[in-house]
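Okay, so here's the structure we're looking at.
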Amino acid sequence: MNDLQEKILKLKKERNALILAHYYQTLPVQDIADFVGDSFALAKLAQKADKDMIILCGVRFMAESAKILNPEKTVYLPSFDAGCPMADMITPDDVLSLRKKHPEAAVVCYVNSSAAVKAVSDICCTSSSAEKVVRSLPNRQIIFVPDKNLGSYVAKSVPEKEIILFDGCCPIHDNVSVKDAETVRKTLPDAKILVHPECRSEVLEFADYIGSTAGILDYARKTDALDLVIGTEYGVFDILSRELLNKKLHILKDNFVCADMKKTGLEDILACFEGNRPPIELPESEMAGARKSLERMVGIE
């Protein structure tokens, strides 16, 4: 552990702070976090946080969620311009327009969205909880926003529901092509291919396992297979490469990197402690609506 990491750990203790990091963060950032997890795990941890200060090493929607679930806490996003292209694809007006067209439908909002979009939705979900959330609703019609790929995956798993999709996606996962999957299957015929459901449905057909970031990590750690292809952001490949020294690991696509997730550095975390980053602030009216959607999600175990 280097001097900067040691300094951050010292300040964390002095300031009664909680550092949460997403799996897609760099390893030096993960190494000084109290908890590392996917968006669902981080949302639950944020809700239960008893520290005075929360530093969310991820992207803006994650820090917003931490603030919404803990309005009395001071929440920081170390890299203040770390956004999410998927979240930027949809607005509250888009959701309201869909509601008008489908008045009997419930709106399920993937957490990769702004607080304003969450506020006009009925319930949030993550990739690990999406199917369970959709099944929990009495409505036959479900408006699923904003990820069409995750929504399509859920639609196949829950055929009794009519899933109405919005045309949004994660550009990083959506950029994986059938050709990428075919090439891997041809060159590594014995490897297990593990893919995130944010990828296109035609890519998922090549997968031996489909699951959330946490699910992919868990499968890779527990499987007896020694040859694995990781079909999600490079951070997961980094984590497993350090842990699973007895296994051969491959990445499904070159440059499988979320630039926004990689913006956070140790210097940015230190800047939060030194008062050089503004805390997350949101309008109370927006937070109230978004809190209902997030709390409903967290309540579904």
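The values are calculated or read from the model by the stated rules, or taken from the named source; none is laboratory data. All values reported here derive from a predicted model rather than from experimental measurement. Quick reminder, even Gly has a Cβ in these numbers, built from the backbone with ideal geometry, and neighbours come from all protein chains shown.
A few points about this structure:
- Within region 239-274, tally of residues that are touching a Cys at 6+ places or on another chain (Cβ under 9 Å) and under 17 Å from A220 (Cβ atoms): 1
- Listed by position, the helices (runs of 4 or more DSSP H) inside region 180-293 whose residues that are under 22 Å from Q30 (Cα atoms) number at least 2 are 213-222, 234-243, 266-273.
- Those residues of region 283-301 which are β-branched (V, I, T) and either within 13 Å of S65 (Cβ to Cβ) or at pLDDT 90 or above (or both), in sequence order: V298
- Residue list for region 192-250, filter: over 16 Å from V36 (Cα atoms) and either acidic (D, E) or in contact (Cβ under 8 Å) with a residue 60 or more places away in the chain (or both): H196, P197, E198, E202, E205, D208, G211, D224, D227, H250
- Every listed requirement among (1) in contact with a helix residue (DSSP H, G or I) (Cβ under 8 Å, 6 or more places away or on another chain); (2) surrounded by fewer than 20 Cβ atoms within 10 Å (Cβ to Cβ) is met by G275 save one, (1).
- Some residue of region 201-216 being of a type in the set (D, E, K, R), modelled with pLDDT of 95 or more and within 28 Å of L77 (Cα to Cα): no
- The numbered conditions (1) under 29 Å from R15 (Cα atoms); (2) touching a Lys or Arg at 6+ places or on another chain (Cβ under 8 Å); (3) crowded, with 20+ Cβ neighbours inside 10 Å are all true for M62 except (2).
- Answer residue from region 223-256, given it is among the small types (G, A, S) and more than 17 Å from D174 (Cβ to Cβ) and is surrounded by the most Cβ atoms within 10 Å (Cβ to Cβ) among those: G235
- For K156: the one exception among (1) surrounded by fewer than 19 Cβ atoms within 10 Å (Cβ to Cβ); (2) touching a Ser or Thr at 6+ places or on another chain (Cβ under 8 Å); (3) closer than 21 Å to F40 by Cα: (3)
- Inside region 21-43, residues that are surrounded by fewer than 18 Cβ atoms within 10 Å (Cβ to Cβ) and in a helix (DSSP H, G or I) make up a count of 3.
- Summed over region 169-179, the residues that are surrounded by fewer than 21 Cβ atoms within 10 Å (Cβ to Cβ) and not in a helix (DSSP H, G or I) give a count of 2.
- Any chance D180 is more than 16 Å from the chain's Cα centre (by Cα), closer than 24 Å to S79 by Cβ, of a type in the set (D, E, K, R) and not assigned by TED's automatic domain parsing to the domain that holds P103: no
- In region 135-165, the residues that are within 18 Å of the chain's Cα centre (by Cα) and not small (G, A, S): F144, V145, P146, D147, K148, N149, L150, Y153, V154
- Tallying residues that are buried (at least 21 other Cβ atoms within 10 Å of the Cβ) and out of contact with any helix residue (DSSP H, G or I) (no Cβ under 8 Å at 6 or more places or on another chain) within region 93-142 yields 1.
- The residues listed here are L77, L9; of these, the one that is surrounded by 22 or more Cβ atoms within 10 Å (Cβ to Cβ), in the same structural domain as C272 (by TED's automatic domain parsing) and within 23 Å of K262 (Cα to Cα) is L77.
- Meets criteria (without any contact (Cβ under 8 Å) to a residue 60 or more places away in the chain and either under 30 Å from I142 (Cβ atoms) or in contact with a strand residue (DSSP E or B) (Cβ under 7 Å, 6 or more places away or on another chain) (or both)) for F61: yes
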